[in-house]
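Heads up, the thing below is written out as structure tokens.
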Amino acid sequence: MAYDLYYWPMIPGRGEYPRLVLEAAGVAYRDVARLPESEGGGLAAMQAFLAGEKGHLPPFAPPFLVDGDLVVSQAAEISILVGERHGLAPKGEAERLFARSIALTTADLVAEAHDVHHPLGVGLYYEDQTDAARERALGFREERLPKFLGWYERMLAGNPAGSGVLVGDAISYADLGLFQTMAGLRYAFPRRMQTLAPDYPGIAALVERVAAEPRVAAYLASDRRMAFNEDGIFRNYPELDAD
């Protein structure tokens, strides 16, 4: 039986994180909100879960994954579940637990990237908070990005397995999460990311390695892979970028 993944059909957003893990694992899944209503898809199918019409444990927001009676929400939690079930997680307990913390920290970075363009409130238009966004962007570019990227780089360099991945000896959902985040950051802050790139060779090598994985490469070349746009988490506003 295939998994059912629910997320907004018009943006990659947070749904792209579990989607990448599902694709890399080679497991069957349906991207329900992207399906026609005649196949049980569309936004109405997703809203039914959010409204509590499909059970007593309604998710707060997408993405969420349904597997029979099991409903799991939050991008990191779904990635952890699928990764641990389908061979995209470290084997030892200590490394498994640390991989989970990496996924959660990546979710923190994603939230900070979103808040650059919406620092005052998600209910406001970007145009209503551009001055605050410029101020937030400066701190994000100069302080927060190097802090996060430096942490990932140190993990890659210090991994005792010498495997070139964040934790363990093979690509895991944690690496896939960093891959997607780097893609988003390069889209949203191309100038800043180009300036920072020489400081993080391990991350660059990991991104290339993930992109070359056969299942990931096939997915990236398919029409299932949605491009970034200015409705999602990572948005390219040139006035928020700088070297």
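Let me make sure I get this right: for the stretch 93-213, a, b and c are the square roots of the gyration tensor eigenvalues over alpha carbons, sorted descending. Under 1.5 in a/c it's rounded, otherwise prolate if a/b > b/c, else oblate. Which is it? Walk me through the numbers before you get to the answer.
Values: a/c = 2.41, a/b = 1.87, b/c = 1.29.
Since a/c reaches 1.5 and a/b is larger than b/c, the shape of the stretch 93-213 is classed as prolate.
In sequence order, the stretch 70-83 has phi-based couplings of 8, 10, 10, 10, 6, 4, 5, 5, 5, 4, 4, 4, 5, x Hz under the Karplus curve 6.51 cos²θ - 1.76 cosθ + 1.60, θ = phi - 60°, and Gly or Pro positions carry x.
Among the listed options (1) 0.93; (2) 1.02; (3) 1.17, the one matching Cα Rg over 2.2 N^0.38 Å as calculated from these coordinates is (2). Across the stretch 113-152, the convex hull enclosing all Cα atoms gives 52 Å³ per residue.
Loop-located chymotrypsin sites (Phe, Trp or Tyr not before Pro) in the stretch 82-164 (DSSP state other than H, G, I, E, B) with a sparse environment of at most 15 neighbouring Cβ atoms within 10 Å: TYR125. Normalising by residue count, the stretch 1-84 has a Cα convex hull of 88 Å³ per residue. The calculated pair-distance distribution of the stretch 37-92 uses every alpha carbon pair, bins of 10 angstrom beginning at 0, and gives 22, 45, 25, 7, 0 percent.
Taking θ as phi - 60° and the Karplus parameters 6.51, -1.76 and 1.60, the scalar couplings of the stretch 141-153 work out to 5, 7, 10, 6, 4, x, 5, 5, 5, x, 5, 4, 4 Hz in sequence order, x denoting glycine and proline.
Protection proxy ranking, highest mean first, for peptides 80-92, 57-69, 168-180: 168-180, 80-92, 57-69, where packing is the per-residue count of other beta-carbon atoms within 10 Å, averaged.
Quick note: the coordinates plus some simple rules give every number you see, no bench work behind them. From a predicted model like this one, the values you see are computed outputs, not experimental measurements. Neighbour counts are summed over all protein chains in view; Cβ atoms, including those assigned to glycine, are modelled from backbone coordinates with ideal geometry.
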